[in-house]
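Scroll down for the structure; my scribbles are underneath it.
The values are calculated or read from the model by the stated rules, or taken from the named source; none is laboratory data. Keep in mind that what you see is a predicted model, and the values were worked out from it rather than measured. Quick reminder, even Gly has a Cβ in these numbers, built from the backbone with ideal geometry, and neighbours come from all protein chains shown. Accessible surface areas use protein heavy atoms only, side chains included; no ligands, DNA or RNA. Shrake-Rupley method; radii C 1.70, N 1.55, O 1.52, S 1.80 Å.
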Amino acid sequence: TDLRPLDILSEVVPAGGLARTMRVFQVQGMRGFQLNASQPRALGFPASRLFIHCDRFPEEFSIIVTLRVPRAPTKRNEYLLTLMAEESSSVLLGLRYAPGKLHFLFWSQEHNGVWQNRVTFPNVSLSDNRWHTLILAVSGQSFSLTVDCSIPKDIVVETPFPSSLSVKRASFYLGSRRRRKGVFTGLLRQLVLLPGADATSQICTTMNFKVEMLSVPTVLQGLPEKPPSNEVLKYPYETDMKVTLGSRPPCTKQEKAQFWFNASQRGLFLCNGSTWISMLEVKQRLDYVEEYQNLVTNSETMGVEVFTIPKVGLFAATANRYTLPGSAIYKWTDGKFVPYQNIPTYQAQSWKYFTIGKKIFLAVANFEQDDRGQELSVIYKWSRRKEKFITYQRITTHSARDWEAFVIEGEAFLAVVNHREGNNHNIDSVIYRWNPRTGLFETNQTIPTSGAYDWEFFTIGPYSFLAVANTFNGTSTKIYSHIYIWLSGSFQLFQSILTIGAADWEVFHIGDRVFLAVANSHSYDSGMPAPSNFYAINSSIYELNITAQMFVKFQDLLTFSALDWEFFSVGDDSFLVVANSFDGFTFSVNSIIYRWQGYEGFVAAHHLPTVGCRDWEAFHTAEGSYLLYSSAKEPLSKVLKLKTT
C-alpha cells in the first residue's frame, strides 16, 4: 500500500454540490460538515473506492479526525466512523465518542472468534464547542491517541489489531453505524486514513503547536469565492454569530469568535479567546495618564486584585499590612471604588480570584501568624445569598507571598508561594489539586523554592508552564528562577534563568510572539563587595525562541527595586508598566509605562510619580481604561485613567 492519505470525508461529497444529508457550518473561522441523522445510509460508500488494489485493511495505520463537539454533554455514544460488512450489522472497525471517552472498535476473528474488541481512551474531553484534532495510531497491540498535539495516551492490549481484516463487500459510513441512533451531532472537518504510518510526527511539529491538515474537502477550505452576478454559491454554508451589547464583557475561550458592539465608542470587536480585537472603530491611542481616584486603604497595601463577578459587578481586593481592620474589598460604584467588605488578614501579601464551575473563590496569602500562632492562608467563597465572601478552606502556609490558580486538562489547581520558614528561605512551595468529591484543595506536588515571591502560570499551544520567581537563598539574591512544564501529570523543570531578587514574572503576547518579563528587586550577595546601589538594577524581558525551545533575553530595562510588571493594551498599542518601589534613597520613585516600539523593543513613554509602588492592575469599564497601583508605604492607593485620542 502506498502511504498517501485516504480522504474518507471527501468521498461522501458529491462532485456537483452538497448532498441533502449534510450542511456546512462556519464556526471560529473554520468550516465543517453537520450530518443529517434521517438518512445515515446515504453517508456511506464502498471500501473498494479506497482499497483499489487490495481488499485487506492495513495492519498499521493512523486515523486523523478534526471535529467540533457541542458543549451540551451527549447522553449516548456517537459514531465518528464505521466500517461495516454489507450483509451484517456488525462493526468491523469503528470510532465512537462518549462523554469523556473515545472508543476504538475492531473485529478480530483470528483471535476472538466472533467477538468485537474495544479499546477505550479515558479522560478525553471534547465537549467544549472548540475544534480539536485527534490522531489515533494503531500498530499490533499498541494503540495511541493524541489530542491537539498534546502528550499521547498510549494503551497496550492483549488482542492485536488483525493482520488480515477483509474489506470485501464492506462499506465506510460517516458519522453513524448505518442507523439513525448514534449519529454524530457535531461538526466534522477532516477524516483521513493514513496507512502504514503514525501520523503524529507529520502533523505535530515540536514547539510549533499548530495542527496542520493532511486532507480537507475542497468545500471546507479557504474563503468562499464571490459568485458572479446573482448566481448561488456552489457550496453554501451557514455560520453562527453572537453580538453582545453594553459594557465590555469577558473574553475567554468560551466567548471566542463572538462579537461585542461598544455603542459609546461605535466599535465592533471580535473575541480571539483572550482579548477583544477591534474590527471596526477609530483606533484609540494613549495620550496621557491622569489621576482619577485616591483610594484610602485600611493600611499599607502589598498587593491588589481586580476582578468581575458576573451579574454583580467590578471589585478590587487590597492585601493590607495590618490585622485590624484587615484587608478590604471595594466595589466599583458610580465610577469609583467604594468600600464593600472587610476581611481579617495577617500581613496579607496578595489576593487571587478564580472560579471552579459556578463556584467563585478569593484566596489570600497571609505572611504572618494569626492570633493562635498558626500560619494559615485562607480561601473564601462567594455567597450568592449574602453577597459576601465567606471562609471556605484554611491551608497551612509559610510566610506566603502569592497564590496562582489555573486549569490543566479540565482539572483545577492552586499553587502557593512559601517565602520562608523561620530564617530558612529554602523550603517547598506547594501545588494543590481540587478534589471535586470532597470539594477541597489537596496537596498534589511540592516544588523547592528559595525565598520565592511569585508564581506565573501560562500556556503555549497544548503545553502548560509554571514560572517561579526565586528571590533569596539565605546568602544571595543572584540565584536561578525556574520555569516548569507540565508533563505526565506533574510539573518538571523546563528552564532556569539567573535573576536578581526576582519579585514577579509577567507573561504576555504581542502578535504570535511570547514574552516573559521578570522584575528584579535588589542585588545582594554576602560573599561579594557591596554594589554602589543595591536597587538600581536591570529587569529583563525574555522571548520564546521556538527553534531553541527556550526563552532567550530580549531586552534589559533599568528599574529601581522593581516589584511588579503589568501588561496592557490601548487600541493596537501594547504597554508594560513597572512598579518601581525604592531607588536606594527614597520611596518616592517614578514608575514607568513602556510602549512597544517593534524593532526598538519597549521604550519609556510615561513617568508616573508613585510612593513605594508594590503592584499594578489594569482594568476596563464602559467609561474607559484605568490603572490601579498599590502603595506599600502609605495607606493610599491610586486609580489612574488612561486618556486616549
Averaged per residue, the 1.4 Å probe accessible area of the chain, protein heavy atoms only, in Å², is roughly 46 Å²
Where nothing but the Cβ of Lys and Arg (+1) and of Asp and Glu (-1) is charged, how large is the charge dipole of the range 286-644 around its Cα centre, in debye to the nearest 20? 1140 debye
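Rounded, prolate or oblate: pick one for the range 504-566, where a ≥ b ≥ c are the square roots of the eigenvalues of its C-alpha gyration tensor, a/c under 1.5 means rounded, and failing that, prolate if a/b is larger than b/c, else oblate.
Working: a/c = 3.23, a/b = 2.02, b/c = 1.60.
Note, shape of the range 504-566 comes out prolate.
Using a 1.4 Å probe on the protein heavy atoms, what percent of the accessible area of the chain belongs to carbon and sulfur? List each step's numbers first, then the result.
Details: 14590 of 29530 Å².
Heavy-atom surface of the chain belonging to carbon and sulfur, 1.4 Å probe: 49 percent.
Using a 10 Å cut-off on Cβ atoms, rank the peptides 245-254, 130-139 from the highest mean neighbour count down.
Final packing ranking: 130-139, 245-254.
Which of the three applies to the range 6-218, rounded, prolate or oblate, going by the alpha-carbon gyration tensor with a ≥ b ≥ c and a/c under 1.5 meaning rounded? Mind showing how you got there, number by number?
Details: a/c = 1.37, a/b = 1.10, b/c = 1.25.
It is rounded, given that a/c, with a ≥ b ≥ c, falls under 1.5.
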How would you classify the range 286-644 from its alpha-carbon gyration tensor, with a ≥ b ≥ c the square roots of the eigenvalues: rounded for a/c under 1.5, else prolate if a/b is greater than b/c, otherwise oblate? rounded
Given the range 314-377, report the % of alpha carbon pairs whose separation exceeds 15 Å. 55 percent
Which labelled figure in (1) -0.29, -0.70, -1.26; (2) -0.35, -0.78, -1.36; (3) -0.48, -0.79, -1.19 is log10 I(q)/I(0) by the Debye sum over Cα atoms at q = 0.05, 0.08, 0.12 Å⁻¹, once derived from the coordinates: (1)
What ranking do 365-374, 26-35 get when scored by the average of other Cβ atoms within 10 Å per residue, highest first? 26-35, 365-374
Taking the Cβ of L628 as the center, what net charge do the other residues with Cβ under 13 Å away carry, scoring Lys and Arg +1 and Asp and Glu -1? -2
Which are the unpartnered cysteines of the chain, meaning those with no other cysteine Cβ under 4.7 Å from their Cβ? C54, C613
